[in-house]
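Okay, structure first, notes after.
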Amino acid sequence: MAHRRVVRGLSIVELMVGITISLFILAGATLVLTTQLDNNRRLLLEAQLQQDLRTAADMISRDVRRAGYWGRAYCNVWPGSLDLVNCPAGNPYTTMTPIEAPAPAGTAQLVYDRSTDPEGGGDFNRDDGGVDAAAGNPRERVGFKWNETAGTIQYLVGADNWQDLTDPAVMRVTRFNMSINTQVLPVPCAGADCQARGPLCGGPVTVRSRDLSFTIVARAVHDAGVQRSLRENVRLRNSVPVEQC
């Protein structure tokens with residue numbers, strides 16, 4: 001009589017050991033995957049936050065450089081007899097509040113004027129010499145401020161019309177500080193026989209040179225652990241002439 005061969009499967013112990021090992025492997029793979037996904041998400045948030053910070057800083061820098069711009073700036077320094085009819089007494093766009101805000105205190109709000117009137121097309125002295133600051137004509141009085149409650153940087157468009165410059169759904173600005181430094185410099189040729197004379201009394205002219213340093217600190221709305229800061233310095237191109245009578 002032939003010997004019958006007994007065929008056996010896995011025991012319950014072997015099956016449980018195999019399942020346990022598989023679970024460990026699956027848990028490790030899941031941990032690696034979730035870590036990579038989390039790192040990728042944070043990387044995207046950091047890139048978006050950095051991009052939004054840079055965009056806001058570029059807009060602030062580009063606009064604030066124009067503070068005090070006037071199409072007839074020569075009327076501040078050259079004798080009025082060269083253009084006696086069209087030259088007013090002084091630049092109407094010199095308003096800047098505050099004028100100075102030294103570090104470290106600085107300021108969280110800056111308002112200033114700059115001309116946007118057309119100068120080209122052969123139409124000489126077309127600038128009307130008036131600051132457009134009304135709500136319906138808001139081109140020439142602008143500014144920036146930090147809205148701490150909303151966590152945004154806002155841009156002034158007209159009379160008391162502040163609009164968000166940064167997106168509160170993407171980032172929350174936790175700090176926006178501006179330091180304004182002013183230097184009064186003599187005009188080298190403001191002597192007795194020089195043409196650099198003021199329009200009021202013909203006195204020598206000095207210039208008020210200004211620069212702005214600002215710092216933005218923000219965090220991502222969807223992950224408070226993602227934070228970035230940016231600091232930039234801007235030299236205002238339009239120094240303000242001051243006549244010494």
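A few comments on the model shown:
- Leu23-Leu230 pseudo-label distance in nm [points 7 Å out on the Cα-to-Cβ vector]: 4.9 nm
- Placing R0 at 30 angstrom, the Cβ-Cβ distance between Leu43 and Gln183 gives a FRET efficiency of 0.10 after rounding to 0.05.
- Peptides 90-102, 23-35 ordered by packing proxy, namely the average of other Cβ atoms within 10 Å per residue, highest first: 90-102, 23-35.
- At R0 = 30 Å, FRET efficiency that the Cβ-Cβ distance of Ala103 and Thr149 yields, to 0.05: 0.75
- Within the shell of other residues whose beta carbon sits under 12 angstrom from the beta carbon of Glu46, the net charge comes to +2, with Lys and Arg scored +1 and Asp and Glu -1.
- Using θ = phi - 60° and Karplus 6.51 cos²θ - 1.76 cosθ + 1.60, couplings along the stretch 99-110 (whole Hz; Gly, Pro as x): 6, 10, 8, x, 6, x, 5, x, 8, 9, 8, 9
Here, each number is a calculation from the coordinates, and none is a lab measurement. Model, not experiment: these values are computed from the prediction. Virtual Cβ from ideal backbone geometry, glycine too; neighbours counted across all protein chains shown.
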